[in-house]
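Every read-out reported here was derived from the displayed coordinates using simple, explicitly stated rules and does not represent laboratory data. What you see is a predicted model; the values in this text were computed from it and never measured. Heads up, the Cβs are rebuilt from the backbone with ideal geometry, glycines too, and the neighbour counts pull from every protein chain shown.
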Amino acid sequence: MFTVKRLIVCLVYAVFIIWLVRFWNSYGSEKISTVKLRQFENFESVTLKRETGAGVRLLCFLLTDPLILHKAVYARDTWMKRCDIALFMSSTEDKQFPTVGLNVSAGRQFLSDKTKAALQYVHEHYLDEADFFMKADPDSYVAVEILKEYLKNCNTSDPEIYGHNMYSGTPSAYTGGHFVAGAAVVLTKEALVRLVTRGMSDPRCLRDSFVGGYIVDTRDQFGRDTFLPPLNVDDIVYGKYNEVAPWYIDYRAPYGSCSSVDCLSDHPIAFHYVSERDFSLLDYLFRIRLRLIQQLSIDLTHLRFNGTRYAKNV
């Protein structure tokens with residue numbers, strides 16, 4: 001069966017062959033044996049001519065619990081290593097993992113309270129140590145370097161929030177019905193400040209208490225999603241989202257449902273519902289991507305979100 005993973009592998013090899021041909025033409029076959037390709041052996045050693053994500057300080061925090069802490073290992077050992085600050089928020093402290101112990105009970109029913117406590121903790125202890133703050137899930141994979149390239153064109157002093165755009169269908173006083181969800185949600189420093197100091201005092205839920213800020217359309221200039229939908233990638237590629245998540249169509253009314261790879265950006269940021277074995281696969285693919293970016297001197301300065309802002313309330 002021709003699976004999505006096989007398709008991805010085939011595309012990777014195709015790109016590699018194209019690069020190899022260009023490399024051969026540029027340097028000549030007699031010089032190839034002298035090139036030190038092994039310098040890219042370790043992902044952390046990849047250095048671009050224009051350092052990817054340089055100048056953007058990103059704090060990443062992930063919500064977990066003692067009983068599901070093993071699920072956070074895969075994010076911890078892959079993409080979260082590239083965050084400037086990586087925090088794991090749990091109901092109890094675990095110095096070995098390590099996790100930050102919040103005064104919130106374990107369990108999914110307390111997820112909203114844990115999110116608020118985590119935001120307050122980050123605001124109190126790390127506000128001046130990062131420019132952008134990202135909340136992610138244990139089954140999320142984030143291309144940190146690509147995200148930082150997008151964030152270079154964002155102003156940390158603007159109260160903005162980024163993620164997969166959705167619509168509740170019921171305009172609220174603050175958000176106009178627009179909100180973000182999915183694999184990751186990113187806030188500017190100003191957004192974090194307003195959410196904690198002003199929004200937390202609002203008795204309504206977090207989504208409706210984003211006082212004085214903007215929900216930003218994070219699709220790229222072609223209208224394609226950079227933060228992938230909160231669905232399994234296979235279901236998107238094969239257009240099965242209607243079967244597995246019919247609710248998703250209504251929540252995407254203003255933006256259009258993502259029903260195939262044609263609606264996914266060429267520079268994706270976040271993936272949701274990633275299986276444990278696929279973390280290493282995605283890490284490998286993005287490692288190759290960064291190698292190609294350097295070898296072909298690909299310019300990423302053009303990466304920008306659509307930028308349409310929703311729901312300002314001052």
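Loop-located trypsin sites (Lys or Arg not before Pro) in the range 259-314 (DSSP state other than H, G, I, E, B) with a sparse environment of at most 16 neighbouring Cβ atoms within 10 Å: Arg277, Arg304, Lys312.
Find out how many positive minus negative residues lie around Ser265, taking Lys and Arg as positive, Asp and Glu as negative, among other residues whose Cβ is under 14 Å from that of Ser265. Walk me through the intermediate numbers first.
Details: positive: Arg219, Arg224, Arg289, Arg304; negative: Glu149, Asp217, Asp220, Asp225, Asp262, Asp266.
Charge balance in the 14 Å sphere: -2.
Checking the Cα-Cα distances for Lys71/Lys135; Lys71/Lys148; Lys81/Lys114; Lys152/Lys189 against a 18 Å cut-off, the pairs over it are Lys71/Lys148; Lys81/Lys114.
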